Structure formats: structure tokens, C-alpha cells
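Readers should treat all values here as calculations from the given coordinates under stated rules, not as data from a laboratory. In this text, all values refer to a predicted model and were calculated from it rather than measured experimentally. So basically every Cβ, Gly included, is an ideal-geometry build from the backbone, and we count neighbours across all protein chains shown.
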Amino acid sequence: MNVIQGNGFIADIIRSSKRKTAAIKIQKGKVFVIVPACLPMAAIESLVAKKNRWIREKLAIQNEIIAIKPKEFVSGESFSFLGRNHPLKIESGLYPVIKLHQDELVVSVRDKTADNALAIKQLLIKWYKQQAESELRDKTEKFSRIIGVNPTSVTIKSFKSRWGSCSITAGIQYNWKIIIAPDPVVDYVVVHELVHLREKNHTQKFWEIVATILPDYEKRKEWLKVNGNHFEL
Ligand SMILES: [Zn+2]
């Protein structure tokens, strides 16, 4: 066997007769475990398990699709929407407007040479919330039919540390920031909340239902866990 399954990643095992100690290397989002030629598999497994957290943190940084550095709200800066990066383009205009034109997020401000960071940030948040509302409504409708549930309402919120929730009256609430994530991850959040209308808690049955709709849900869930805390504007 020349690969090993870690918790949330796969590592390539490279055996080398020149090595006396084991080392873990992360390059371009891939994990390599370089070990002495005859190190037993169990020892490699325990090493990977011990370093699991460190590996995941490194991977999270390398696989980052969204820059972690604070946004400056300047032309050319990238903003993710459903996992696709759109460069910001700042123009001068009479009214503050924001729109997605071809691949660019075009923002009009009074004077584009002034410091407009705060105004642009507010425009962007407003735009994201509007997009979230329509995208999440559409997805909720689509998956409700598939799952066979009937949510009473869909609301967009600014949660601090959750992606969605569902109330006892079957109302669904989503964090608008989720639409920064790739489309399949957004689908996972929608399916997750809707399945709660059939199964209240995270029981085995709950995950079984999720898996019938999204067989690869674990991958999506993992992506969110690793990348989700960088979704700041
Ligand atoms: Zn849940």
C-alpha cells in the first residue's frame, strides 16, 4: 500500500532507504509521508494520526481558495461567490451600484480615487445577502421536493458560528456567508437543514438520509469545516 487514509485527507507514502526518521511534507495541497524503507504500516498510521491536526491546518492554508489576509476592497481583489473568484472592479458613478458583469464584480462609487473601502464593503455585503436569498430559496425549493419536506419559511441571517438552522415550526434559516463556498458545499448545507425536518437530531438515520441525497456529503462537510472560518468580508 502506498497511500494512507487520514482523517479528511489521503497521504502518499514514500519509502526511502536513505531515511532514518519519518517526515511529513505538504506540497501544493498534497500530503507526503516520507519514511525509512521498512517502517511498519502501523507506525506510519500512528504518526499520521498524531499529526492529523497539524496536517489539516497546513492543508487548509494551501487549499485556500479565498485569501485569508484582510480584504482591502480595491480593484483587482478577488471575491468568491459559489466558489468562483470574481475580481472587483471599481468605477466612478453617480450612484452606488454593484453588479456581476461577465466575471467581474463591478462597483460604482462617487469618486473612485477616494478611500471607499467601507462603502464598498457594505455594498458587497448587501449584494451577497441578496444573492444568498435567491440562491438559497431556489435550492431549498429544489431539495424540499427531493427530500419530501415542506419548510414554512426561508430566512437569511448573519450567524456568527453556524451555517443554518431550522426551527420547531419548520422555518429554515441560513447564514448568507455560505454562498461564498462552492456550489456543492452550499447544497450540502441546504440538504442538511432540510433533512432535520425529517430527523431532528444528528442520528445515524439522519446521516443515512443525507447520504441518499448527497452520497459524497462527507467531502462537502469536511471542506466546510476546513475552509469555513475564512468566510469573512
Ligand atoms: Zn444539523
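Numerical summary
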item: Separation in nanometres of the label points that stand 7 Å from Cα toward Cβ, at His202 and Ser165; result: 1.6
item: Scaled radius of gyration (Cα, divided by 2.2 N^0.38 Å) that the chain gives; result: 1.25
item: For Ile14, residues with placed amide H under 5 Å, excluding near neighbours; result: Val33, Ile34, Val35
item: Loop GluC sites (Glu not before Pro), region 138-224, which have at most 15 other Cβ atoms in a 10 Å radius of their Cβ (DSSP); result: Glu199
item: Label point at Asn150 placed 7 Å out along Cα→Cβ; residues across region 182-204 whose backbone nitrogen lies under 15 Å; result: 197-198
item: Spacing of the two label points (7 Å from each Cα toward its C-beta) at Gln62 and Ser158, in nm; result: 3.6
item: Entries in Lys142/Lys200; Lys126/Lys225; Lys89/Lys219 that, when Cα-Cα distance is taken, lie over 23 Å; result: Lys126/Lys225; Lys89/Lys219
item: Spin-label pair Ala211/Ser46, simplified geometry with 7 Å Cα→Cβ offset, distance in nm; result: 3.0
item: Over the chain: helical MRE at 222 nm, DSSP H runs n ≥ 4 each giving -39500 (n - 2.57), nearest 500; result: -12000 deg cm²/dmol
item: Whole-number percent relative contact order across the chain, with pairs defined as alpha carbons under 8 Å at least 6 apart; result: 14
item: Zone residues, region 88-108, relative to Lys126, backbone N less than 19 Å from point 7 Å out along Cα-to-Cβ; result: 88-101, 105-108
item: Charge dipole magnitude, Cβ of K and R +1, D and E -1 - region 63-157, Cα centre, debye nearest 20; result: 300
item: In Hz, Karplus ³J(HN,Hα) per residue of region 180-196 (6.51, -1.76, 1.60; θ = phi - 60°; x = Gly, Pro); result: 6, 6, x, 3, x, 6, 5, 4, 4, 5, 5, 4, 3, 5, 5, 5, 4
item: Most positive-pole-ward Cα, Phe81, Ile24, Cys38, against dipole of region 23-93 from beta carbon charges; result: Cys38
